[in-house]
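Just dropping this structure here.
Taken together, the values in this text are just the output of simple stated rules run on the coordinates, not laboratory data. What you see is a predicted model; the values in this text were computed from it and never measured. Methodologically, a virtual Cβ is constructed for each residue, glycine included, from the backbone with ideal geometry; neighbour enumeration extends over all protein chains shown.
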Amino acid sequence: MMRKLFCIVFWLPLMVAAQDETRIQQAENYIFEGNEAFDALDGVAAEKNYRRAIATGTKTDIARFNMGATLQQDNYVDEALRAYADVTKTTKERPNKHRTFHNIGNALMQIKDYKGAVEAYKNALRNNPNDDETRYNYALAKKMLEDENQDQDQEDQDNQNNKDNQDQQKDKNQDQEGENDKEQEGENQQDNKDESDDEGENEKDEKESDKNDEQDQQGDDEKEQQPPQASPAQLSPQQVQNLLEAMSNEEKKVQDKVNAKKAKAVGTKSKKDW
């Protein structure tokens, strides 16, 4: 009984080692096939084989790194960055870290994240300070970042200038509107004054007109009340002659009456009784 148990315990490490060896061999085979597809620019097949290698649980850092390179080559940058990030969390070897951060820097340069690329290249150089390509990429990323900052500063300055100009124009427009309002108000007041003066003049004219009409009416009434007078110019010469003769006859009659009364008085007058 004890011997049998010993045999089981003895063979168990051998079985585990064999299984590990099988999985390692499978992972390597998948990685090899993935590399072949990568070189042939068959990204779909390459990614499929790298994922199979990761599923074995062995050689995962290499498989994830190669899958990230495949995704980056096909411009799936976000997915590539996630694959690289997984490698940086698990790998312990400095050369692997260097290559991974270098590729992270390249991926960030693709999406113009120059600040992130500078930091990635810094981490790559910390793990391999002697890599000339990484140093070149680091210098390039710094230059691109400086240019971007200058462009941003210039854009901010231009935006600020535009804003200041817009504010000045707005203030100018408001001032102009205020002046226009004052002018309009002055014109309205002048118009109201002129209108008031016109109304006063009209009222005065109406009153004077009414007064004149009233005077004219009164004059007409007086004329109507006065008896009509004959104008000499309206009589003919014959009529004038007849009128003179009639007046002469009337005057003669009156004179005769007066003379008759005088004669009678003289004839009947007596002395006073003293």
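Quick check: convex hull of the Cα atoms in segment 135-176, volume per residue, rounded to a whole Å³?
23 Å³
Related question: With a Cα-only, solvent-free Debye model of segment 99-192, what are the log10 I(q)/I(0) values at q = 0.15, 0.20 Å⁻¹?
-0.69, -0.88
Report the relative contact order of segment 70-182, percent, no decimals, based on alpha-carbon pairs under 8 angstrom and at least 6 residues apart.
Result for segment 70-182 is 17 percent.
Starting from one equal scatterer on each C-alpha and no solvent at all, send me the Debye-based log10 I(q)/I(0) for segment 13-91 at q = 0.14 Å⁻¹, two decimals.
Once normalised to I(0) and log-transformed, intensities are -0.43.
Once phi is turned into θ = phi - 60°, what whole-Hz ³J(HN,Hα) does the Karplus curve with 6.51, -1.76 and 1.60 give for every residue of segment 39-48, x standing for Gly and Pro?
5, 7, 6, 9, x, 5, 5, 4, 4, 4
Also, I was wondering about something else. Using the Karplus curve 6.51 cos²θ - 1.76 cosθ + 1.60 with θ = phi - 60°, what ³J(HN,Hα) values do you get for each residue of segment 68-77, in whole Hz, with x for Gly and Pro?
Each residue of segment 68-77 in turn: x, 5, 5, 4, 5, 4, 8, 6, 8, 5 Hz.
Give me the number: length gained by fully extending LEU140 to LEU244, i.e. 0.36 nm times residue separation minus the C-alpha to C-alpha distance, one decimal in nm. Don't jump to the answer; show the numbers that get you there.
Values: separation 104, 0.36 × 104 = 37.44 nm, distance 14.41 nm.
This chain segment gains 23.0 nm when fully extended.
Explain nothing, just compute: Karplus ³J(HN,Hα) = 6.51 cos²θ - 1.76 cosθ + 1.60, θ = phi - 60°, for every residue of segment 126-143 in order, whole Hz, x for Gly and Pro.
5, 8, 7, x, 9, 7, 5, 5, 5, 5, 4, 5, 4, 4, 5, 4, 5, 5
Take the cross-link list LYS92/LYS142; LYS59/LYS122; LYS92/LYS112; LYS89/LYS115 and give me the ones stretching past 31 Å between alpha-carbons. Display every interim value, and only then the final one.
Working: LYS92/LYS142 28 Å; LYS59/LYS122 26 Å; LYS92/LYS112 29 Å; LYS89/LYS115 21 Å.
Where the Cα-Cα span goes over 31 Å, no listed pair is concerned, since all stay within it.
Provide the net charge surrounding ASP171, with neighbours chosen by a C-beta distance below 12 Å and charges set as Lys +1, Arg +1, Asp -1, Glu -1.
Cβ neighbours under 12 Å give a net charge of -2.
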